[in-house]
1. Which residue fluctuates the most in the chain, going by a Gaussian network model with Cα springs under 10 Å, if the choices are ASP78, ASP42, ASP12?
2. What percent does the relative contact order of the chain come to when contacts are Cα pairs within less than 8 Å and at least six residues apart?
3. Helix 136-153 versus the longest principal axis of the chain: what is the Cα-based angle in degrees, 0 to 90, to the nearest 10?
4. Name the shape class, rounded, prolate or oblate, that the alpha-carbon gyration tensor gives for region 84-177, where a ≥ b ≥ c are the square roots of its eigenvalues, rounded holds for a/c under 1.5, and otherwise prolate holds if a/b is larger than b/c and oblate otherwise.
5. Quick check for me: using +1 on Lys/Arg Cβ and -1 on Asp/Glu Cβ, what's the dipole size of the chain about its Cα centre, in debye to the nearest 20?
6. Can you give the convex hull volume of the alpha carbon atoms of the chain per residue, in Å³?
7. Once a ≥ b ≥ c are taken as the square roots of the eigenvalues of the Cα gyration tensor of region 32-117, is the result rounded (a/c under 1.5), prolate (a/b larger than b/c) or oblate (a/b not larger than b/c)?
8. Put a dot 7 Å past each Cα toward the Cβ at SER158 and VAL43; how far apart are the dots in nm?
Amino acid sequence: MCCGTEREATIDCPADCAYLLSAHRYEEQHPRSLPANTPLLDVRLSSDMVHRHPQLLSAVAFTIAKFCAAQPATTDPDVLAALQALAESYKTLTAGIVYEQPPVPALQHELYDSLAAFLTEAKQQPVQASFGSIKDADIFQSLVFLFRMGLLRTNGRSRSRRFIEFLRGQFPGAQELKREGSRIIVP
């Protein structure tokens with residue numbers, strides 16, 4: 001099989017593969033645009049959303065990265081599906097309706113549950129805690145922001161982990177995110 005045509009489609013590529021890293025550098029130079037029918041694209045994000053709750057945004061991103069480190073089979077499409085489903089749940093919650101529709105695949109559902117549990121715990125913390133007072137609308141905006149970032153960071157392939165690797169790279173000192181040494185043998 002040629003890794004040029006099957007890379008991240010039918011082949012699970014190691015994150016440190018030189019060919020994969022080269023392909024990702026090329027993709028960064030040629031960014032994707034989102035189609036008009038992209039979910040949650042109609043949501044208008046506030047311009048200061050990132051500055052109002054940076055700890056919340058970082059904590060959600062870290063929770064995703066930590067889950068993916070514990071579950072190495074997780075791919076970008078799994079993360080995006082969980083983020084989209086959770087954002088949709090918070091969208092209805094901001095309207096006063098409690099309605100959840102978690103993703104069906106087991107890995108996506110586990111990530112959804114992990115993020116939902118983290119966010120429930122974060123909302124119940126006292127106001128003077130690190131997150132301050134967060135509302136469902138703030139959580140919704142953060143989830144939409146991460147979902148869009150994920151859509152722009154991934155390459156759309158079924159086994160891509162480009163967004164996950166981006167998130168892991170944001171927390172270089174975190175012991176929970178360390179991976180085992182490379183298995184690539186270089187002659």
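A short reminder: the numbers here are calculations on the coordinates, not readings from a lab. Just so we're clear, the structure is a prediction, and the values are computed from it rather than from any experiment. In this analysis, Cβ positions are derived from the backbone assuming ideal geometry, glycine residues included, and neighbour counts consider all displayed protein chains.
1. ASP42
2. Relative contact order, the chain: 34 percent.
3. Value to nearest ten degrees: 20.
4. oblate
5. Dipole magnitude for the chain comes out near 360 debye.
6. Enclosed volume per residue, from the Cα hull, is 144 Å³.
7. Here region 32-117 falls in the rounded category.
8. Going from the VAL43 label point to the SER158 one covers 2.7 nm.
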